[in-house]
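Below is one structure, written out as structure tokens, with a few remarks after it.
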Amino acid sequence: MQTPANGVPNPRARSREVRSNLFQSTGFTNTGLNSARRNTPFRQAPSKRRIPQSSPLEETLEPSRIAYLLNKQWNLYSVTPMHRFSHKNLKEYSRLLSAQILAEKQKGFAIEVGTEHIMKASFSYLPGLKGKERDPGAVLVQVSTKPQFSKAGAEDKIVWSGWFCCTFGDDEILEMLPDTMVCLPLFLVNGTESLTAIVGSWFQRSFDCCFSKLPISARDLAWMTAMWAGYEIHERVSATELVFSVPVEPHMDISYAIHPDDFRTLWNDIHKSEDEVTAEEVDTLFHNLYNHFFRHFKIHLSATQLTKVSTSVASAHCEGKIKFLSKEHLVRVLALLTELAVNNIPY
């Protein structure tokens, strides 16, 4: 599809997309993003990462909203900047996406909800997920359903949720983007693939953006393990568990659990700065963990692949799945995920 001169895509001129190719580029050229990338060392293994500090903006997020985001498994996607998306038009977007879902349902597209149910979409603002003031505000999208002949006042049932955010977004990218584009590079989804496809297709047609799944490399899982180890936990404290995939047939995993006090002591002996974590510290942490495991079990974990890490802060899987477990460190976890999402955007 060619983008018109005024930059607004014309849905009527677009042929019907093939469902299997929903998350492909729609043809919009992300000029601002490309310009910023030329001056930024993307896709290079970082030698250090700054530890994001808690943001006073977190206080603007309602406790009920935080509770809704916790303890759910979210699938991760990266998203290119959205063209002419406006936080002022969320009510109108709710109406348009609801109409799209209804149209797909009437066509007989399987969305795993009975035909006797009424479905609607709603957009809402999540202000507390900013890392700094200039970050674009996070947006929550929900699809709810209720029986067509339900009693008056009956509550809707939420069957799908997704939210966009840019927490501690890269200042250079935000400055380089045109005013007509909004950068919300991280998209988190909890719900069926069929509804994800419908919502994703609508966003692509409406804002000329594209989505791609966001896997988490073994190296970034190691970074998460190290960075989360340094966060003070005043809530529920649990053991750190690392899961390694062994390259043998049949498939086998090794689960390595470390008591939280032992893990914290080990990290405090390694970690030097309060403001950043270095790649050398991450390597030293895992070198010690590997040596300890080998002494007890005579297995070289360095020959395996780290696929999952679970701590009191969050749980992350290499397939691009995250579960937030700590409300006090939610913004910090989102900061790293935002960085990974930006680096995953094709250009």
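In table form, for the structure just shown:
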read-out: Cβ-defined net charge surrounding S86, 13 Å radius [Lys, Arg +1; Asp, Glu -1]; value: +1
read-out: Heavy-atom accessible area ranking, 1.4 Å probe, most first, across Y290, Y125, Y93; value: Y125, Y290, Y93
read-out: The stretch 224-290 - convex hull of the alpha-carbon atoms, volume per residue in Å³; value: 98 Å³
read-out: Estimated FRET transfer efficiency when R0 is 41 angstrom, pair K146-K213 (beta carbons, to 0.05); value: 0.85
read-out: Inter-centroid distance (Cα atoms) of the stretch 71-107 relative to the stretch 126-196, Å; value: 8 Å
read-out: Principal axis box of the stretch 156-293, alpha-carbon based, largest edge first, Å; value: 53, 43, 34
read-out: Separation of the D171 and A99 label points, Cα + 7 Å toward Cβ, nm; value: 4.2 nm
read-out: Exposure of W160 as accessible area (Å², to 10), given a probe of 1.4 Å and all protein chains; value: 0 Å²
read-out: Solvent accessible area, Å² - H87, 1.4 Å probe, full protein context; value: 60 Å²
read-out: Gained length - E328 relative to S86, 0.36 nm times residue gap less alpha-carbon distance; value: 84.2 nm
read-out: Carbon and sulfur %, accessible surface of the stretch 159-267 computed with the full protein complex present, 1.4 Å; value: 53 percent
read-out: Sequence ranges 298-307, 186-195, ranked by mean other-Cβ count within 10 angstrom, highest first; value: 186-195, 298-307
read-out: For the stretch 238-302: relative contact order, % (alpha-carbon pairs under 8 angstrom, 6 or more apart); value: 21 percent
read-out: S161 - accessible surface, heavy atoms, 1.4 Å probe, Å² rounded to 10; value: 0 Å²
read-out: Debye equation applied to the C-alpha atoms of the stretch 212-327, log10 I(q)/I(0) at 0.16 Å⁻¹; value: -0.76
read-out: Rg/Rh for the stretch 182-238, where both radii come from Cα atoms and Rh is the Kirkwood radius; value: 1.13
read-out: Sites V246 and E319 - FRET efficiency at Förster radius 22 Å, r taken between beta-carbons, to 0.05; value: 0.80
read-out: Solvent-accessible heavy-atom area per residue, rounded to whole Å², over the stretch 135-266 at 1.4 Å; value: 42 Å²
read-out: Largest to smallest accessible area among S273, S94 [probe 1.4 Å]; value: S273, S94
read-out: Two-site FRET efficiency, K157 against E276, from Cβ-Cβ distance with R₀ of 41 Å, rounded to 0.05; value: 0.40
read-out: Contact order relative to length of the stretch 295-337, as percent, for alpha carbon pairs under 8 angstrom and 6 or more apart; value: 23 percent
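The values are calculated or read from the model by the stated rules, or taken from the named source; none is laboratory data. Here the structure is a predicted model, which means the values were calculated and not measured. Note that each Cβ is placed from the backbone with ideal geometry, even for glycine, and that neighbours are counted across all protein chains shown. When the accessible area is computed, the model is the full protein with side chains, heavy atoms only, and any ligands, DNA or RNA have been set aside. Shrake-Rupley method; radii C 1.70, N 1.55, O 1.52, S 1.80 Å.
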